[in-house]
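> My structure is below; once you've seen it, I'll send some questions.
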Amino acid sequence: MDSFYDRIDFDDAIEIEQLSRLMYEIRVARDNLLAQLGAGTPEQALAAIRSGELPEHPGYEQYLTTRMLTDLHADVRARLAERTQAANR
C-alpha cells in the first residue's frame, strides 16, 4: 500500500502530522468537556443552562470554552486542508 507521506516533502509531512495531532487533541478536549456537561454539542449545553438543568456558573464558562474549542478545531481543520492540498501539488 502506498503511504500518504511518500510523495510529500519531509517538512510538509511534519507540519501535517502536527496539525493532525492538534486537531485531534482539540476535539478530545471539547468532547470531554461536553461529556462533563452531559451534552453532545455546545448548543445542547447552552440549552441545558437556559433551562436550569445546568448551573449558570461554571456552566456558561464551560459552554464558552466548548464554543472556542469548536471554532479552533474548524480553524485547524481548514489549515490542515490547505497544507495537505498544497503538499500534494
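The values are calculated or read from the model by the stated rules, or taken from the named source; none is laboratory data. Quick caveat, the model's predicted, so the values are computed rather than measured. We place every Cβ from the backbone using ideal geometry, glycine too, and count neighbours over all the protein chains shown. Ligands, DNA and RNA are stripped out before the accessible areas are found, and what is left, the full protein with its side chains, is counted by its heavy atoms. Shrake-Rupley method; radii C 1.70, N 1.55, O 1.52, S 1.80 Å.
> I'd like the full set of residues that are of a type in the set (D, E, K, R) and out of contact with any Leu (no Cβ under 9 Å at 6 or more places or on another chain), limited to the range 41-78.
Passing the criteria: 43, 50, 53, 56, 61, 71, 75.
> Taking the range 27-45 as the search range and keeping residues that are open to solvent by less than 30 Å² (accessible area, probe 1.4 Å) and part of a helix (DSSP H, G or I), which one is farthest from residue 75 (Cα to Cα)?
37
> Something else: Can you pull out the residues in the range 5-15 that are in contact with a Lys or Arg (Cβ under 9 Å, 6 or more places away or on another chain) and either open to solvent by 50 Å² or more (accessible area, probe 1.4 Å) or at pLDDT 95 or above (or both)?
15 - this is the single residue of the range 5-15 that is in contact with a Lys or Arg (Cβ under 9 Å, 6 or more places away or on another chain) and either open to solvent by 50 Å² or more (accessible area, probe 1.4 Å) or at pLDDT 95 or above (or both).
> Which of the residues spanning the range 49-89 are among the basic types (Lys, Arg), part of a helix (DSSP H, G or I) and open to solvent by 70 Å² or more (accessible area, probe 1.4 Å)?
50, 77, 79
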